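Visitor: The structure under discussion is supplied below as structure tokens; questions concerning it will follow.
Just so it is clear, none of the values below were taken in a lab; they were calculated from the coordinates. The structure presented is a predicted model; accordingly, all values stated were derived computationally and were not measured. No Cβ is skipped: glycine too gets one built from the backbone with ideal geometry, and neighbour counts run over all protein chains shown.
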Amino acid sequence: MTDDQTTIDPPAEEEQTLDEARIRLIAQAIDDEDAPAVDALLEPLHDADIADLLEQLDEDDRRALLRLWSGTIDGEILSELDESLREEVIEDLPPEDVAEAVRELDTDDLVDLIENIEDGDRADAIMEALDDSDRIAVELALGFPEYSAGRLMQREVVTAPSHWTVEQVTRHIQAMDAGDLPQQFYHVVLIDPRHRPVGYVTLGRILSSSPDTPLADIEEDSFRTFEATDPESEVAYAFNQYHLISAPVVDEADRLLGIITIDDAIRILDEEAEEDILRLAGVDSEESLSNRTVDVVRRRFPWLFVNLVTAILASLVIAQFEDVLTQIVALAVLMPIVASMGGNAGTQSLTVAVRALATRDLTGANVLRVIRREVVGGAINGLAFAVIMGIVGIVWFGEPMLGLVIAVAMVINLAVAGLAGVGVPVLLQKIGVDPALASGAFVTTVTDVVGFFAFLGLAAMWML
């Protein structure tokens, strides 16, 4: 440290979270090239917090941090990193550090890490660093379809024959090598002589039962299996719907391949929820704060172009009523209100519908009821706002007929917004298009076109 550098005191020892104060101190330590301060500030942090810190730093500061920090990036930090940043961090690490880090991971985390590395040579180098058993497990998992249960499962499973007692399985677990045990597990899977899972028992029931209790007597009712080719979204839904903690994965012959645990299911649910939120705004689901500017431009341009095309369509409707607008200038002042109210109402219905489709609450059995509810609700809201805007039109412009025109147009557009908000995503899902990704532009177009057409059309009929 140079003479003009100030000593950086880390936050109090009991404060071990990555808050803004700690981030500022870390940034200052990086600027000062103060390696001891960096070590002191990072030492109490959880692996997930260190991953968040790396994501918040820019590229230069990130590399400086890795150079100054005497600690190492372990497997848990790599698994917590955003996918778009993980490969960049791996490139900045010495090969021996990467090899040591990946050996600590369970096979499900290894698969998640390797399948997202675009550099084939680097992925091969990581595979070479693995133990033979882990490498074979990862290769088998990568042989399953992307986003399937086979990619999500971990191979480390504690099993026992279904006829064993509590004492036998306890001795079996105690005799196992620590390297063969999963880092975390909740169930002992019961298997038959053909290695097919037939049930499972929680560790809590094993510990609380007498030694001579048969395992078959304390099985869990929640037991269910997944095939390795099942989509991971189906797995995550089942975990959430049936409150599962873990579940075995089987092959075509129902033989045990591995197990999926609740932490992986929660991660998938979180990713799907985040993906829906981003796609509703027309943003690529892989975009994050660590993306480069060129990547942001490339991913957002297509949907901005779609929005431009739909905006032109709405403008064409307006162009058909050019004479009306020329004669009644007040229409141009009030016209955006009708479109804006319809767009907002449509977005509300759309958001509810897309989420309901994702959670399978909106199905063919209740879709007509939901559409009817949204249309009637939109019409009632439209009537309320119609009264308000009718009064505004009369008071503002002194034209009772103008107030009536905007009132009727408001009712029509809000009713149509409810119809489009539910109908568009349902229709898109039926034709195989992601409703979260494509619905927004179409719903906005419908409400704009209908709003402009109703408002200007009624004005042309009643005021000219």
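Visitor: By how many degrees, 0 to 90 and rounded to 10, does the Cα axis of helix 47-56 deviate from the longest principal axis of the chain?
Guide: The answer is roughly 40 degrees.
Visitor: Beyond 23 Å, what share of the Cα-Cα pairs of segment 178-261 remains, rounded to the nearest whole percent?
Guide: Working: 800 of 3486 pairs.
So the portion of pairs separated by more than 23 Å is 23 percent.
Visitor: What do you get for Rg/Rh over the chain if you use C-alpha atoms and the Kirkwood form of Rh?
Guide: On the way: Rg = 29.6 Å, Rh = 26.9 Å.
My calculation puts Rg/Rh at 1.10.
Visitor: Name the residues whose placed amide hydrogens come within less than 5 Å of the amide hydrogen of residue 213, ignoring near sequence neighbours (fewer than 5 apart) on the same chain.
Guide: Residues meeting the criterion, in which the H sits 1.01 Å from N, are 166, 167.
Visitor: So how compact is segment 28-143: Cα radius of gyration and Dmax in angstrom?
Guide: Taking only Cα atoms of segment 28-143, I get Rg and Dmax of 14.6, 48 Å.
Visitor: Per residue of segment 175-186, what does 6.51 cos²θ - 1.76 cosθ + 1.60 with θ = phi - 60° give for ³J(HN,Hα)? Whole Hz please, x for Gly and Pro, Karplus curve as stated.
Guide: 7, 6, 5, 4, x, 8, 8, x, 4, 9, 8, 10
Visitor: Nearest 500 deg cm²/dmol is fine: what mean residue ellipticity at 222 nm does the chain get from its DSSP H runs of n ≥ 4 alone, each adding -39,500 (n - 2.57), divided by its residue count?
Guide: Working: 21 runs with 297 residues, N = 464.
Calculated mean residue ellipticity at 222 nm is -20500 deg cm²/dmol.
Visitor: Using amide H atoms built 1.01 Å from N in the peptide plane, name the residues 5+ places from residue 257, or on other chains, whose amide H lies under 5 Å from its own.
Guide: When sequence neighbours closer than 5 places are left aside, the close amide H contacts are 249, 250, 251.
Visitor: Could I ask something else about it? Where both partners of a DSSP beta bridge lie in the chain, what percent of those bridges are antiparallel, to the nearest 5?
Guide: On the way: 13 of 18 bridges.
That works out to approximately 70 percent antiparallel.
Visitor: Looking at the square roots a ≥ b ≥ c of the eigenvalues of the Cα gyration tensor of segment 293-463, which shape do they give, rounded for a/c under 1.5, prolate if a/b is larger than b/c, or oblate? Don't skip to the answer; put the middle values down first.
Guide: Values: a/c = 2.62, a/b = 1.46, b/c = 1.79.
Here segment 293-463 falls in the oblate category.
Visitor: With a ≥ b ≥ c taken as the square roots of the eigenvalues of the C-alpha gyration tensor of segment 304-347, please select rounded if a/c is under 1.5 and otherwise prolate if a/b is larger than b/c or oblate if it is not? Mind dumping the intermediate values first?
Guide: Numbers: a/c = 3.31, a/b = 1.39, b/c = 2.38.
Oblate, since a/c reaches 1.5 and b/c is not below a/b.
Visitor: Peptides 146-154, 129-137, 61-69: what's the order by average Cβ count within 10 Å, highest mean first?
Guide: Details: 146-154: 22.0, 129-137: 15.3, 61-69: 17.6.
Per-residue Cβ counts within 10 Å, averaged per peptide and sorted highest first, yield 146-154, 61-69, 129-137.
Visitor: Rounded to a whole number, what is D in µm²/s for segment 378-446 from Stokes-Einstein with the Kirkwood radius over alpha-carbon pairs (10 °C, 1.306 mPa s)?
Guide: Details: Rh = 13.2 Å.
Value of D from the Cα-based Kirkwood radius: 120 µm²/s.
Visitor: Suppose the chain between residue 27 and residue 312 were pulled fully straight at 0.36 nm per residue; how much longer would it get relative to their current alpha carbon spacing?
Guide: Working: separation 285, 0.36 × 285 = 102.60 nm, distance 4.71 nm.
Result: 97.9 nm gained on full extension.
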